[in-house]
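Read through the structure below, which is laid out as structure tokens, and then see the notes.
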Amino acid sequence: MSDVGSDEFEEEQGHYLGEYEGDRNAADERHGIGKAVLPNGDTFQGQYENGKRNGQGTYRFKSGARYTGEYYMNKKHGQGTFYYPDGSKYEGGWADDLRQGHGVYTYINGDTYDGEWMNHQRHGQGVYTYMDTGSKYVGTWAMGQQEGAGEYIYLNHRFQGNFLNSKPFGPGKYIFEIECEQQGDFLQVEQDKGDAEDADPLSVTVLKWKAEKVTGMTLWTPAEEKKQQTAAPGKMGEDEVLSTKSQPVITEEKEKKELVPEPESKQEPESQPEPEETQTTATGVEDKESMNA
């Protein structure tokens, strides 16, 4: 379900700019501290500069959402906290109206993500904690998906390996509290689900753990780290460069309503990788971040 600051999607009609109480500059623009009531019923109270939201402020949406933090040229930029209508919350960095940099997202079911963001999605290093089981994923993310080297930490054991599309993939190992480990490989196998007569049978990804041996504790080096160690010194990998959008020049004369950014959400895997099973089904983590902030 999409949430916006008003049930109305059209822009303000005519030249009615809503109500405003506060400071103005010599050009009669909103400038300084002020409070505005927009035509759609949203409100903003905070700092203005030359007619635009700029600096600290609080924007309250008609839907019940609320943002408190920094603005730049009418957009969320800097540090701020967004309270979503579904009860979830994001606290952290923003750039060009998008979640960017380090931030903590608390989901409606109690799960949390504490880590890096880029362009509104989990990207970089981060820790995802599952509220119901207490287990954690610690590792690399790419555009909202668990990708690259990572570790699942359970109550009495943990899994270290590489991940692809939010699922374990390739060599890895389970480490147990009794100071031993089981090495092996996770295989992602596509299987058709449904009747053979279907023109387009539904395909699902099935995880298969291929156990190799049980040994004492060893030092684990993910494949990605090995590649970086053999790379030419001083060469920076492409995934180390994070770019942010440049700030557009906003020339509009009247203040416009904001849209509520889509709450970050996920579909929890049906089961997390366990060594006792030879076949595990997982659906991965899916985001429904379809709306612009």
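Computed with every protein chain present, the accessible area of R158 is close to 80 Å² [probe 1.4 Å].
Taking all protein chains as they are arranged and a probe of 1.4 Å, the heavy atoms of M73 leave approximately 50 Å² accessible to solvent.
Using R0 = 30 Å, the C-beta based FRET efficiency linking N109 and L202 works out to 0.70.
Between D132 and T215, full extension at 0.36 nm per residue minus the direct alpha carbon distance yields a gain of 26.8 nm. Using a probe of 1.4 Å on the protein chains alone, the accessible area found for L155 is around 140 Å².
The values are calculated or read from the model by the stated rules, or taken from the named source; none is laboratory data. From a predicted model like this one, the values you see are computed outputs, not experimental measurements. Cβ coordinates were reconstructed from backbone atoms using ideal geometry, including for glycine residues, and neighbour counts include every protein chain displayed. These accessible areas exclude ligands, DNA and RNA; they are computed on the full protein's heavy atoms, side chains included. Shrake-Rupley method; radii C 1.70, N 1.55, O 1.52, S 1.80 Å.
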